[in-house]
Amino acid sequence: MAKKVIPFLTLTLVIGVIMFTDSNTVEANQSVEDIEKELDEVQEERESVSQEIESLKDELSELESQQEETEDELSRIDNEIEQAELEVRQKELDIEHTETEIRKLESEIQELENEINDLIEEIEALEEEIVETEERVEQREGVLKDRLRSLQRNGGSVKYMEVIMGASDFGDFISRSAAVNKVMDQDQNIIHQHFEDIQFLEESVSKVEESKDQVEENKQIVENNKGELEGKQQSLVTQKQELDSLIASLGERKDEQQVMLASLNEQQDDLEKYQVSLAEEQEILAAREQSLQNQKEAAETQPSATQSGGSGKFITPMQGYLTSPYKPSHRPNHNGIDMGGNGSPPIYAAATGEVYRVTSGCTVGNTGCGGGYGNVVYMTHYIDGVPYDTVYAHLSSVNVSVGDVVQQGQQIGNMGNTGHSYGPHLHFEIHRGGPWNDEKSNAVDPKQYISVPSR
């Protein structure tokens, strides 16, 4: 876009600098035919500018459409990011909840493992008691079998009365009676303990088996819970990573869209500036067309009028001395001369002509004001049928306005130090055969036309 804008800005300046003259200052040698030819050229330029403006409107419309689409895309991405962030927060809450459940289950698992250890110790103790009880039962069964065999040998009964009555005296009787009672009690106790031990063995074995089954079941529950919780936690972590990746991707897309939007805004700014320059160009072309029309009428009614304003083509624009020549070796782009003087001397029009461009209001230090020229006056002249432009830059003040017809030697301002300037001076340019333009293609050395003393 910059390449496209610059030529038209140049064209604006080229068109704007074209000659304006008052009906009282029309050059005698400037024919009506020449003016009509220039009028035709101006009309062609205006048509070209109008076409360019229409094309520009289409480009601006397309840019605005692209901006709307980009802004819609940014809005959609913002919504996606917001939704993704909500999902991330929810997943984080889910993870916190799951971690709480994991801690709770880990506590339960620890309790189950402790219970398993207790059951294992209990099983070991029961198994030891079972072994001891089995030994007692086995020993007792031996005693009972001996008693049964003794009963069988004695006819199925024990002759307790014979034992008692066979006592030799009363003391012996007492002793024998006590022994018989003791034997009978022992037999009953042995049988009772024997059945109790057998019952204990059956219950203990059953309890051991149940405890073992419970241990295995608890172990399986613990393993299942650990696996399920670890899987769920890993799944949530994975989901969070995916969402984080999504947000990062959306952020990158948003950055890309922001870059695109900035580029579109920059293009729009360029086009709007271009549009402004074209509008200004149209105004300048219209003013030039009107001025040429005035010149035509003046030429037809006052063919003897002149614009020279004096015996010479140009006069020195101020009382002062030369401070920098035209295009010195160290400043090949210096397309004019610089003049200095004491204080802030007045600046005069070098020839009779019309003011077509003015920049004022610049202050010292604002180097970019007026395109670097600071406060500046542009004038156009017709002298001996040749168009000239003169430029008076870095002024401290301006006394004329666009459209003013100024006589040679009339004050147009005062010397100053505005714009891109490093001290009070007048920068003066003359452009022959064509208007001032950014390339300074028509610039000539002013000393070819005026005399400027050296310092």
How do the peptides 69-77, 434-442 rank, highest first, by the average count of neighbouring beta carbon atoms within 10 Å per residue? 434-442, 69-77
Förster radius 35 Å - calculated FRET efficiency between residue 89 and residue 262, Cβ distance, rounded to 0.05: 0.70
FRET E, pair residue 441, residue 255, Förster distance 45 Å, beta-carbon r, rounded to 0.05: 0.50
Distant-in-sequence amide H partners of residue 410 (H built 1.01 Å from N, under 5 Å): 349
FRET efficiency for residue 198 and residue 239, Cβ-Cβ distance as r, R0 = 56 Å, nearest 0.05? 0.35
May I ask for log10 I(q)/I(0) of the range 307-455 at q = 0.10, 0.15, 0.16, 0.19 Å⁻¹, from a Debye sum over the Cα atoms as equal point scatterers with solvent left out? -0.29, -0.68, -0.78, -1.16
When 344, 360, 451 are ranked with the fewest other C-beta atoms within 10 Å first, the list becomes 451, 344, 360
Taking the mean number of other Cβ atoms within 10 Å as a proxy for protection, how do you rank 93-106, 372-385 from highest to lowest? 372-385, 93-106
Report the gain in length on full extension from residue 272 to residue 100: 0.36 nm times residue separation, minus Cα-Cα distance, nm rounded to one decimal. 55.8 nm
Segment residue 344-residue 117, extension gain: residue separation times 0.36 nm, minus the distance between their alpha carbons: 70.9 nm
Taking a point 7 angstrom from the Cα of residue 69 along the C-beta vector, which residues in the range 242-267 have backbone N less than 20 Å away? 253-267
Which entries of 57/440; 104/212; 219/240; 313/447; 232/254; 91/219 show an alpha-carbon separation above 23 angstrom in the structure shown? 57/440; 104/212; 219/240; 232/254; 91/219
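No value in this document is a laboratory result; all are computed from the given coordinates. For clarity, every value in this text was computed on a predicted model and none was experimentally measured. So basically every Cβ, Gly included, is an ideal-geometry build from the backbone, and we count neighbours across all protein chains shown.
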